[in-house]
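The structure appears right after this line, and notes come after that.
The values are calculated or read from the model by the stated rules, or taken from the named source; none is laboratory data. None of the values given here were measured: they were computed from a predicted structure. Note: ideal-geometry Cβ built from the backbone for every residue, glycine included; neighbour counts use all protein chains shown. All accessible areas refer to the heavy atoms of the entire protein, side chains included, with ligands and DNA or RNA removed. Shrake-Rupley method; radii C 1.70, N 1.55, O 1.52, S 1.80 Å.
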Amino acid sequence: MSRFADVAGRYVYLTVQGVEYRVYFEEAGSGTPVVLQHTAGCDNRQWRHLLEDPDVTADFRLIAVDLPYHGKSLPPTSERWWTTEYTLTEEFLLAFHVAFVEALELDRPVYMGCSMGGHLAADLALRHPGSYRAVVGIEATLHSHGMERILPWLYHPEIGNDTKPALMHTLCAPDSPEEFVRETVWVYSQGAPPVFKGDLEYYMVGHDLTESAREIDTDRVGVWVLSAEYDWAAPPAACAALAAEVRGSHFVPMTGIGHFPMSENPARFKQIVLPVLREAALSGQVAAVRA
Amino acid sequence: MEINEDRLRDALNADPEFRLQARYWNTQFRIVTESQNLLVRLADGEVTAVDAGATPFDTWDFQLAGTAEHWANLLAPVPPPFFQDYYAAMLYHGFRIEGNMKTIMAYYPAIRRTREVLAQVVARQEVAA
């Protein structure tokens with residue numbers, strides 16, 4: 001008898017900033033909706049372990065989306081996108097996620113994202129607290145400034161598509177299972193050439209909550225910051241600095257794990273994230289009662 | 001910690017991942033510790049020599065340079081945080097990756113792998129001793 005993954009993929013047409021996109025997402029489970037955002041230059045396959053885990057999908061409807069230009073979400077056919085260099089902006093990301101939640105008619109979902117998606121967790125909590133009951137920022141920090149000079153090397157005609165995944169390999173923890181580290185790296189090798197650099201324009205340059213993180217109201221939206229011990233891109237001190245700025249937020253250290261917890265060490269990540277999701281789901285109930 | 005130059009040459013040439021990622025590579029780079037200055041020469045992706053007698057007059061494209069503590073942490077069976085790779089050690093611990101950055105970036109998959117091969121070489125030397 002064949003074995004099937006209990007995960008379904010669909011496309012939804014979204015209009016964001018006046019442009020229509022055909023957006024791919026996968027979902028599994030039932031219960032509190034959780035929107036999952038992949039890292040820069042990657043796609044929703046990073047979340048496959050969580051989507052296939054019945055302990056998680058028993059209580060949560062997990063929805064993992066591919067941003068436009070990522071994974072199966074192709075560039076828009078209405079745009080001459082090949083005449084300009086791909087760049088992701090904070091405004092687009094925010095508008096995209098609000099449109100996605102509305103299109104799927106989700107009732108104040110939990111948002112969870114990693115790295116670039118982690119930064120977005122805090123940005124959504126600041127700018128759209130009414131749309132989500134809670135956000136979970138994995139490897140989220142106030143900003144990631146300081147390494148911008150690496151960007152030209154990440155979209156360079158003389159540098160092959162193996163370099164980006166090799167750099168991502170260095171972000172994984174030495175004790176993470178090798179088969180999942182290699183899978184993480186493999187997925188990274190398949191991003192379109194300009195996309196990683198373009199995404200990092202948001203991650204390294206655009207995102208900055210240094211002056212505004214303290215304005216996030218955790219009475220309206222719960223905030224969790226998950227921080228991995230081996231993540232040199234978002235070191236624990238930087239994640240802790242964000243949590244310290246957001247009164248009422250929760251800081252969760254993750255020992256022995258790297259920048260891609262959900263894909264490089266899914267068993268360890270499940271132990272960490274399941275209690276977080278259960279609490280995050282309740283934070284919506286508290287907000288609803290207050291309203 | 002002493003790195004045996006012959007064992008390093010043989011280990012790099014025997015490592016399938018390093019050979020794959022070093023394909024077509026013609027270069028020479030230095031591995032610098034407190035007691036050694038090894039010049040690794042590659043021709044078309046094969047390590048032709050690891051020269052333990054390198055001098056300041058020898059040309060190199062890039063170098064991996066650190067203190068004894070750097071190397072001990074980098075080559076530990078389970079490296080401490082931010083010693084899991086040269087790059088992280090450079091950013092947080094003062095390890096040095098220096099030279100032609102285009103070469104370093106283009107061949108980082110092979111450079112990354114040298115740390116794991118070096119760790120294997122050092123571990124085997126310690127067992128043999």
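Listed conditions (1) within 14 Å of chain B (Cβ to nearest Cβ); (2) in a loop (DSSP other than H, G, I, E, B); (3) open to solvent by less than 50 Å² (accessible area, probe 1.4 Å); (4) touching a helix residue (DSSP H, G or I) at 6+ places or on another chain (Cβ under 7 Å) are all met by A:T141, apart from (1). Has the stretch A:60-72 got at least one residue that is in a strand (DSSP E or B), open to solvent by 10 Å² or more (accessible area, probe 1.4 Å) and closer than 16 Å to A:Q37 by Cα? Yes, the stretch A:60-72 contains at least one residue that is in a strand (DSSP E or B), open to solvent by 10 Å² or more (accessible area, probe 1.4 Å) and closer than 16 Å to A:Q37 by Cα. Taking (1) over 15 Å from the mean Cα position of the chain (by Cα); (2) aliphatic (A, V, I, L, M); (3) within 13 Å of another protein chain (Cβ to nearest Cβ) in turn, A:A243 satisfies each apart from (3).
The residue of the stretch B:72-107 that is nearest to the other protein chains (Cβ to nearest Cβ), among those that are under 12 Å from the mean Cα position of the chain (by Cα) and part of a loop (DSSP other than H, G, I, E, B), is B:D85. Residue check: is A:A233 among the small types (G, A, S), in a loop (DSSP other than H, G, I, E, B) and crowded, with 23+ Cβ neighbours inside 10 Å? For A:A233, the condition - among the small types (G, A, S), in a loop (DSSP other than H, G, I, E, B) and crowded, with 23+ Cβ neighbours inside 10 Å - is met. The residue that is most open to solvent (accessible area, probe 1.4 Å), among those in the stretch B:1-45 that are of a type in the set (D, E) and farther than 14 Å from B:Y107 by Cβ, is B:E34. Among the residues making up the stretch A:219-233, a single one is away from chain B (no Cβ under 12 Å) and among the small types (G, A, S): A:G222.
The residues on offer are A:V205, A:V185, A:V181, and the sole one that is of a type in the set (A, V, I, L, M), under 29 Å from B:Y24 (Cβ atoms), open to solvent by 20 Å² or more (accessible area, probe 1.4 Å) and not in a loop (DSSP other than H, G, I, E, B) is A:V185.
Hey, does the stretch B:26-36 have a residue that's within 14 Å of chain A (Cβ to nearest Cβ) and modelled with pLDDT of 95 or more?
no
Screening A:G160 with (1) within 12 Å of chain B (Cβ to nearest Cβ); (2) out of contact with any helix residue (DSSP H, G or I) (no Cβ under 9 Å at 6 or more places or on another chain) gives one miss only, at (2). Close contacts from the stretch A:153-172, counting a first residue that is assigned to a loop (DSSP other than H, G, I, E, B) and a second that is of a type in the set (G, A, S) and open to solvent by 10 Å² or more (accessible area, probe 1.4 Å), with Cβ to Cβ under 8 Å and a gap of 6+ residues or different chains, come to A:E158/B:A106; A:I159/B:A106; A:G160/B:A106; A:N161/A:S189; A:D162/A:S189; A:L171/A:A233.
Residue check: A:V35 meets all listed conditions (1) loosely packed, with under 14 Cβ neighbours inside 10 Å; (2) within 13 Å of the chain's Cα centre (by Cα) but one, namely (1). For the stretch B:71-100, a residue qualifies if it is touching a strand residue (DSSP E or B) at 6+ places or on another chain (Cβ under 8 Å) and either closer than 18 Å to B:V40 by Cβ or hydrophobic (A, V, I, L, M, F, W, C) (or both), and the qualifying residues are B:Y86, B:M90, B:F95, B:R96, B:I97, B:E98, B:G99, B:N100.
The strands (runs of 3 or more DSSP E) found entirely in the stretch A:6-53 that carry 3 or more residues being modelled with pLDDT of 95 or more and among the β-branched types (V, I, T) are A:8-16, A:32-37.
Among the conditions (1) open to solvent by 40 Å² or more (accessible area, probe 1.4 Å); (2) within 25 Å of A:H143 (Cβ to Cβ), A:G118 misses just one, which is (1). For beta carbons closer than 7 Å, sequence separation of 6+ or different chains, a first residue in the stretch A:191-208 that is at negative phi and among the hydroxyl-bearing types (S, T, Y) and a second that is open to solvent by 20 Å² or more (accessible area, probe 1.4 Å) and outside any loop (DSSP other than H, G, I, E, B), the qualifying pairs are A:Y202/A:E90.
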